[in-house]
Structure formats: structure tokens, C-alpha cells
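The block underneath contains the structure these notes are about, expressed in C-alpha cells.
The values are calculated or read from the model by the stated rules, or taken from the named source; none is laboratory data. Just so it is clear, the model here is predicted, and its values are computed rather than measured. Cβ coordinates were reconstructed from backbone atoms using ideal geometry, including for glycine residues, and neighbour counts include every protein chain displayed.
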Amino acid sequence: MEALKLTTLAVVLASMAATAQAGIKASAVTYAGVSTVSPEQALVRLDASGATTLGFTLPAAGTKVLTFSAECTVDSLAGDSLSWTDLDIVVNGGVVAPTIGSDDAFCSAHGASGIKDDHVRASITIPIQGRAGSNTVQIKARGNYNAKGFRLANIALVVFD
């Protein structure tokens, strides 16, 4: 009887592990990212090869969850705590709310001069609409207000159920 309980438990745990793994639809991780010496919008590198687009396939259309995190800093003047870096998350060619426009700060300046003293680990999690078949994700970043530039690194992007 004890062997049957252990076997049943093993089967249940194995199926739970398979289910949890099946929930991830796409992911990308890299230490390298994007550093700019201007506030101009730039595509974010998502993996070690330098790819700026993450592609994945879905068997059916539906809502998925996207999480993006990165070490983020703003290149600003001493005393500037008003500048920021914002993101546009682009799914299948369209920018996804709430990242539309330039007034959604991903990270902000902290009054230190340059890009060395205001690092934070920032993250955003949003629902996205996936379509049956091929899907793509891109992250575009830009500096705003008086930002001279920005840096994103140590990046993780995950799309899951």
C-alpha cells in the first residue's frame, strides 16, 4: 500500500512539473543590454546574440502574461531627479498599454551625475494578446525630459500563460 501511495505522489508531482514548464511560451535572458549616449529610442537586445526580437508560436489566440525586468539607470545631470527612461513594449507590431507614449517611467534619475550611481532593478508585468501562430515581442527604450542617455542590462523577458 505504501508503494502505491509513493507511486501516486510521484505521478502527481511529475504532472505538476510538466504543467508548470508548459506555462512558459517564450523567454530571453542576457547580461548585455543597451547603453546609449543619447536619449533617442533604441531597441533593447534580448539575448547574448544581440537579437532585438523574441519570436514564439502559439497553438491558439489568447491572453498571455509578459514580464520584463532589467537593471536600469538614467544618464542625467547632477541634481536631476526628473528625467526617466521609458519603454514601449511592442507585441506583433503594436505598442501595448500601458507602455504607449513617453510618460510611463521604467526607471528615474536619482540626482547623481552620469550613469553610475542610480541603478535599480525595474520590472513590468502586463497582459498581452497572443495570436494563433507566430508572435513577436520587442522592447524599445528612450530617455525623457533632460536625460542624456540610459542603460538597460541584465535583462529577463518571459511570456507565459
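Within segment 49-72, the set of residues being surrounded by 14 or more Cβ atoms within 10 Å (Cβ to Cβ) and outside any strand (DSSP E or B) comprises Ala51, Thr52. For segment 30-47, the candidate set comprises residues that are touching a residue at least 24 places away in the same chain (Cβ under 8 Å) and charged (D, E, K, R); within that set, the residue that is surrounded by the most Cβ atoms within 10 Å (Cβ to Cβ) is Arg45.
Close contacts from segment 74-103, counting a first residue that is of a type in the set (Phe, Trp, Tyr) and a second that is part of a loop (DSSP other than H, G, I, E, B), with Cβ to Cβ under 8 Å and a gap of 6+ residues or different chains, come to Trp84/Ala109; Trp84/Tyr145; Trp84/Ala147.
Summed over segment 128-161, the residues that are in a loop (DSSP other than H, G, I, E, B), of a type in the set (A, V, I, L, M) and surrounded by 17 or more Cβ atoms within 10 Å (Cβ to Cβ) give a count of 1. Can you confirm whether segment 105-114 contains a residue that is more than 22 Å from Val37 (Cα to Cα) and either surrounded by 21 or more Cβ atoms within 10 Å (Cβ to Cβ) or more than 19 Å from the chain's Cα centre (by Cα) (or both)? Checked against the condition, which is being more than 22 Å from Val37 (Cα to Cα) and either surrounded by 21 or more Cβ atoms within 10 Å (Cβ to Cβ) or more than 19 Å from the chain's Cα centre (by Cα) (or both), segment 105-114 yields no hits at all. Among residues of segment 144-161 that are closer than 20 Å to Ala26 by Cα, those with a Cβ under 6 angstrom from a residue that is among the acidic types (Asp, Glu) and at pLDDT 90 or above, sequence gap 6+ or separate chain, pair up as Ala153/Glu71; Asn154/Glu71. Taken as a whole, the condition of being under 26 Å from Arg131 (Cα atoms) and either of a type in the set (Val, Ile, Thr) or surrounded by 20 or more Cβ atoms within 10 Å (Cβ to Cβ) (or both) applies to Val95.
Okay, residues lined up against (1) modelled with pLDDT under 90; (2) farther than 18 Å from Arg142 by Cβ; (3) aliphatic (A, V, I, L, M):
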position: Leu13; (1), (2), (3): yes, yes, yes
position: Ser35; (1), (2), (3): yes, no, no
position: Glu40; (1), (2), (3): yes, no, no
position: Ala51; (1), (2), (3): no, yes, yes
position: Gly55; (1), (2), (3): no, yes, no
position: Ser76; (1), (2), (3): yes, no, no
position: Gly79; (1), (2), (3): yes, yes, no
position: Ile89; (1), (2), (3): no, no, yes
position: Gly101; (1), (2), (3): yes, no, no
